Amino acid sequence: PPSILLARVFSAFWVFAACLLLGLLAKRISGQLKIGVIVAGTALLTPWFFDLRGLVMEVHFVPLALVLVLLAVYYARESEGWGWRSIVAVAATLVLLTYCYTSGRVLGALLALGLVLFATTWKRLVGIIATWLLYSLSLIPIFLFNRQHPTALVRRLYEISYIRPGVPWHEIASEFVRRYLEDQSLYALLMMGDYHPRHHVQGSGGAILFATLVLVMMGLLFIFARGWRDPWWRFVVYGLAASIVPGAITNEPFHQLRLMAYPVFLLVLTVPALQWLLAPHASNSNGHERSRETIGDQQFQARIGGISRPARLCILFLLLGATVLQGARFQATFRRDGPKRQYEFDVPYKVAYNAAVAQPIRPIYLQDGKWGPAYMHAMWYSTIEGRPKSEFVHLPDRGKAPRGSVVISSAENCQNCEIITRSGVYLVYRVK
């Protein structure tokens, strides 16, 4: 039966699976199981993912869907040409990403365009065009729905974004650049995280770990110095840039839910650094071999000063130690201060709900006010308690309950009523 625990486990499972699949992707890129284990472990310790796993919102599908896209693209990159298996796998995972969350519609389209980076031969170009066509077919339901409900898909965007009808394009472009740069803030990334307490426990540090960013910077250095010729790494860097767009087109700075693809690409970019840190003293790789076999070779080591393997391992152990220590600090702060976020998670509604169902009068009317569509909480609690939905009636906008009925409201006040109880921003009253 439905329960709060089951909902939380369901949400956490998809985030946990995404972290493990990130490790699998890292293992395939590097060819080393230990790198896969390090990346998966780092993902599990990353505050950004841990914050997400308990929200029970559809955004928890984004990391998993994105990692599946990356696995499919990497499979296509490794295969000869861009055959039908690659076409179907890449298109199917892009569809999953597109439909799983609002930001996925933007990210899915951008990543689909980024596939052109793999068009290194005519055969691959034909395969990529076929992928685009197959992916485009999956968008037909979106266009049909938008045709029948012209404002439904963009209403939320107009509410949270500066992109609105009547706003000049030069103003939109200027604001986009400002917001795009703002969402790359190192202060938010490393020190503060999302300012919204529902998305991140304030005072617990940033959204990612310091050691992770160090590895990302090292990874980018190695890619630009040696791995840029590989279309895969160009695609990953492009994906990192594209992952900021869903957040940048909205008003709120560093909104972790809208930027949920960002940490996935950051963790993928740690792989080249880990390859170099774990590279042996000697390498048998040839110049024509793929980047996973040459990132840490002796020639590249010479370019950055020929740091010895013991020194590199020492750096790695320091970074891993910092990862564990900062992850433990975040967990301690989360467990201490996380339960205090009662307002952000509408805990007071349960008190109001209990007061309403204790009354003998049925049905109970649910009124939405200043604090949004709170009626869904009553529907949820009634479901897990096994109460029939007929006991509750959701009032339409500006609707009024009959005289003598009991109302749970998210409005600030009521008129011609007898207040039964107040709980937080919620009000239970009887209509006179």
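Computed from the coordinates by the stated procedures, all read-outs in this text should not be read as laboratory data. Predicted model, so just to flag it, every value in this text is computed and none were measured. So basically every Cβ, Gly included, is an ideal-geometry build from the backbone, and we count neighbours across all protein chains shown.
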Checklist entry - Which values, in whole Å and largest first, are the semi-axes of the equivalent ellipsoid of the chain obtained as the square root of 5 times each eigenvalue of the Cα gyration tensor? => result 46, 26, 19
Next on the checklist: Compute the helix-to-body angle for 169-182: its Cα long axis versus the longest principal axis of the chain, expressed 0 to 90° and rounded to tens.
Outcome noted: 70
Checklist entry - How many nm separate the modelled label positions at LEU395 and TYR180, each set 7 Å beyond the Cα in the direction of the Cβ? => result 4.7
Item to check | Relative contact order [Cα under 8 Å, 6+ residues apart], segment 313-432, whole percent | outcome: 26
Checklist entry - Quick one: helix 4-30 against the long Cα principal axis of the chain, what's the angle to the nearest 10°, folded into 0 to 90? => result 10
Checklist outcome for this item: Log10 I(q)/I(0) at q = 0.16 Å⁻¹ for segment 130-252, from Debye over equal alpha-carbon scatterers, is -1.09
Next on the checklist: Between 0 and 90 degrees, rounded to the nearest ten: what's the tilt of helix 33-45 against the longest Cα principal axis of the chain?
Outcome noted: 30
Checklist entry - Considering segment 348-431, what Rg and Dmax in Å follow from its alpha-carbon atoms? => result 11.2, 33
Item to check | Length-normalised contact order of the chain in % [C-alpha pairs under 8 Å, at least 6 apart] | outcome: 14
Checklist entry - With springs only between Cα atoms under 10 Å, which of ARG387, ARG105, ARG229 fluctuates most in a Gaussian network model of the chain? => result ARG387
Checklist outcome for this item: Rounded to the angstrom and largest first, Cα extents along the principal axes for segment 12-140 equal 43, 37, 19
